[in-house]
Amino acid sequence: MAFIEVRNLSKRYTMGENIIIANNNLNFEIEKGEFALIIGPSGAGKSTFLNILGGMDRASDGSILIDGKDITKLNERELTSYRRYDMGFVFQFYNLMPNLTALENVELATQIVKNAKNPKEVLRDVGLEDRMNSFPSQLSGGEQQRVSIARAVAKNPKLLMCDEPTGALDYKTGKQVLSLLKDLSRTTGTTVIVITHNKAIAPAADRVIEIADAKIRKVTVNKNPETID
Ligand code: ADP
Ligand code: ADP
């Protein structure tokens, strides 16, 4: 059995008289430790899927098994705990606390977690040892995204979920961030799932899940993924 098994997963939204099918009977799997990409056009249903996987939204039908446990059956309290301890989130616009330094941002996230990593070490791992005491406004976009990745990784999550982490970055900086995320999957064994518009990065991923029109269009598994240059 795979680490993540998505089975007949559907999500419908009701908008007045209209029903929007955002995820239509998705079936796929992701193995532990993979660097997996979710790609597809805007409105295809990528964020909807990631929100359900992250415990931020509920499926309409189907199931998601993680380590054999169906997370669609969790109650609200279990779901909160799942989000808090099992998940690391990275967003397009970083979501850092502006009045806290890089280090304080990471420390804040680790306070609630039992087996958290050392915030300073994680900031070192993402290449920010010299910027730990900077505030977000003093950092470039790429650096702010590194802080937000450090904040997520320091919780020692089972799963790192990144919704368009390069969306606000230029191409080169975005590639460096994707390269860092891939390295982290290798060095920490954390499963990393990334929504991106950067198709050029697909050959460097272990698995590429293409979603179009709420359905899975194609899943590609790369046995020997390329390196990100
Ligand atoms: P993108 O993939 O371009 O970053 P989003 O994933 O944020 O965009 O949203 C995709 C589409 O879903 C957009 O057309 C947006 O208007 C719509 N959308 C997102 N959230 C909601 C919502 N809460 N209610 C209605 N429509 C939404
Ligand atoms: P993507 O991330 O691939 O851009 P989304 O998952 O954001 O796509 O959106 C998929 C579809 O679901 C879109 O048609 C969008 O408008 C719709 N949608 C997303 N969130 C909501 C919501 N909260 N309420 C209603 N419709 C939504």
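What the table shows:
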{"item": "Any hit, the range 166-177, residues being within 16 Å of ligand 2 (Cβ to nearest atom) and either charged (D, E, K, R) or surrounded by fewer than 21 Cβ atoms within 10 Å (Cβ to Cβ) (or both)", "result": "yes"}
{"item": "Qualifying residue in the range 194-208 (condition: out of contact with any Gly (no Cβ under 9 Å at 6 or more places or on another chain) and under 16 Å from residue 148 (Cα atoms))", "result": "yes"}
{"item": "Residue within the range 55-74 that is open to solvent by 20 Å² or more (accessible area, probe 1.4 Å), under 16 Å from residue 219 (Cα atoms), touching a residue at least 40 places away in the same chain (Cβ under 8 Å) and within 16 Å of ligand 1 (Cβ to nearest atom) present", "result": "no"}
{"item": "Some residue of the range 27-46 being in contact (Cβ under 8 Å) with a residue 40 or more places away in the chain, within 8 Å of ligand 2 (Cβ to nearest atom), open to solvent by less than 70 Å² (accessible area, probe 1.4 Å) and part of a helix (DSSP H, G or I)", "result": "yes"}
{"item": "Total residues in the range 1-23, condition open to solvent by 80 Å² or more (accessible area, probe 1.4 Å) and either part of a strand (DSSP E or B) or small (Gly, Ala, Ser) (or both)", "result": "8"}
{"item": "Residues located in the range 83-122, provided they are hydrophobic (A, V, I, L, M, F, W, C), surrounded by fewer than 16 Cβ atoms within 10 Å (Cβ to Cβ) and assigned to a loop (DSSP other than H, G, I, E, B)", "result": "93, 97, 100, 112, 113"}
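The values are calculated or read from the model by the stated rules, or taken from the named source; none is laboratory data. What you see is a predicted model; the values in this text were computed from it and never measured. So basically every Cβ, Gly included, is an ideal-geometry build from the backbone, and we count neighbours across all protein chains shown. Protein only, heavy atoms only, side chains kept; ligands, DNA and RNA dropped before computing areas. Shrake-Rupley method; radii C 1.70, N 1.55, O 1.52, S 1.80 Å.
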